[in-house]
1. Test Tyr164 against the criterion of being open to solvent by less than 50 Å² (accessible area, probe 1.4 Å), modelled with pLDDT of 95 or more and either under 30 Å from Tyr59 (Cβ atoms) or charged (D, E, K, R) (or both), and give yes or no.
2. Kindly evaluate Glu158 against the criterion of being more than 20 Å from the chain's Cα centre (by Cα) and either over 21 Å from Ala50 (Cβ atoms) or modelled with pLDDT under 90 (or both).
3. Mind checking which residues of region 39-53 are farther than 24 Å from Arg89 by Cβ and in contact (Cβ under 8 Å) with a residue 12 or more places away in the chain?
4. Please verify whether Phe129 is more than 23 Å from Leu42 (Cβ to Cβ), in a strand (DSSP E or B) and among the aromatic types (Phe, Trp, Tyr), treating the condition exactly as stated.
5. Identify, from the list Ile169, Ile157, the residue that is more than 17 Å from Val41 (Cβ to Cβ) and surrounded by 11 or more Cβ atoms within 10 Å (Cβ to Cβ).
6. Residues of region 54-80 being free of Cβ contacts under 8 Å to residues at least 40 places away in the same chain, among the hydrophobic types (A, V, I, L, M, F, W, C) and open to solvent by less than 70 Å² (accessible area, probe 1.4 Å), which ones?
7. I'd like the residue in region 82-91 that is within 17 Å of the chain's Cα centre (by Cα) and hydrophobic (A, V, I, L, M, F, W, C) and, out of all such residues, is least open to solvent (accessible area, probe 1.4 Å).
8. Do the conditions hold for Ile111, that is, is it open to solvent by 70 Å² or more (accessible area, probe 1.4 Å) and part of a strand (DSSP E or B)?
Amino acid sequence: MMRYSLSIVFILMMSSFCLHAQEEKDKPPFKDRLVFGGDVVLSFSNNFTAIGGTPLIGYKVSDRYVAGLGYTYIYQGNSNVSINYHGPRVFNRFYPLPELFAHAEFEHLTIKERVKVSNGEDLEFKTSFPALLVGGGYRQRIADRVYISFMALYDVIEDPDSFYNGIVIRGGVGVGF
């Protein structure tokens with residue numbers, strides 16, 4: 001009886017090992033599960049300039065779920081005003097269909113503003129706020145593993161210092177998503 005039990009345990013262990021080895025063999029390498037993307041902000045006018053970017057890196061947990069980190073930096077200004085927005089973000093994205101996705105991200109932005117007043121003095125203001133942006137979007141393949149995406153998000157925290165008002169529209173490019 002003991003020999004029979006040990007044989008069953010051995011067979012179960014070996015079959016489990018073989019199944020695990022098969023799963024590892026079928027799973028793409030780590031580097032192929034990484035995704036990259038972000039947005040670029042460029043706006044020029046006679047009165048104001050905005051330049052920035054929001055790079056991100058994620059990990060494809062499954063074919064339908066991606067999680068990752070990013071950073072936001074945007075400068076806006078003219079000769080009298082300069083505003084810098086920056087801070088980290090964490091995101092999750094789920095694809096119920098290949099082209100459509102649900103998106104949620106938490107970010108914490110710091111805003112530094114410098115204003116030149118008429119007497120030549122500089123006034124400085126600094127604030128920060130959290131934002132929890134949730135919504136969804138659409139992506140379109142433009143090359144192998146390269147997509148453009150558009151999404152509509154809403155800040156559910158609605159912090160009084162936040163500059164997110166109403167629906168936030170974003171667009172960007174992603175590799176691997």
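1. So Tyr164 does not fit the description; no.
2. Working: more than 20 Å from the chain's Cα centre (by Cα): no; either over 21 Å from Ala50 (Cβ atoms) or modelled with pLDDT under 90 (or both): yes.
So Glu158 does not fit the description; no.
3. Just the residues of region 39-53 that are farther than 24 Å from Arg89 by Cβ, to begin with: 44-48.
Once the filter is applied, which keeps residues that are farther than 24 Å from Arg89 by Cβ and in contact (Cβ under 8 Å) with a residue 12 or more places away in the chain, region 39-53 yields Asn47, Phe48.
4. Yes, satisfied.
5. Exactly one of Ile169, Ile157 is more than 17 Å from Val41 (Cβ to Cβ) and surrounded by 11 or more Cβ atoms within 10 Å (Cβ to Cβ), namely Ile157.
6. Residues satisfying the conditions are Leu56, Ala67, Ile74.
7. Of all residues in region 82-91, those within 17 Å of the chain's Cα centre (by Cα) come to 85-91.
The next check asks that each one be hydrophobic (A, V, I, L, M, F, W, C); those that pass are 90-91.
Details: Val90: 74, Phe91: 3 Å².
So, considering only residues that are within 17 Å of the chain's Cα centre (by Cα) and hydrophobic (A, V, I, L, M, F, W, C), the one least open to solvent (accessible area, probe 1.4 Å) is Phe91.
8. no
The values are calculated or read from the model by the stated rules, or taken from the named source; none is laboratory data. In this text, all values refer to a predicted model and were calculated from it rather than measured experimentally. So basically every Cβ, Gly included, is an ideal-geometry build from the backbone, and we count neighbours across all protein chains shown. To get the accessible areas, we keep the full protein, side chains included, count just its heavy atoms, and leave off ligands, DNA and RNA. Shrake-Rupley method; radii C 1.70, N 1.55, O 1.52, S 1.80 Å.
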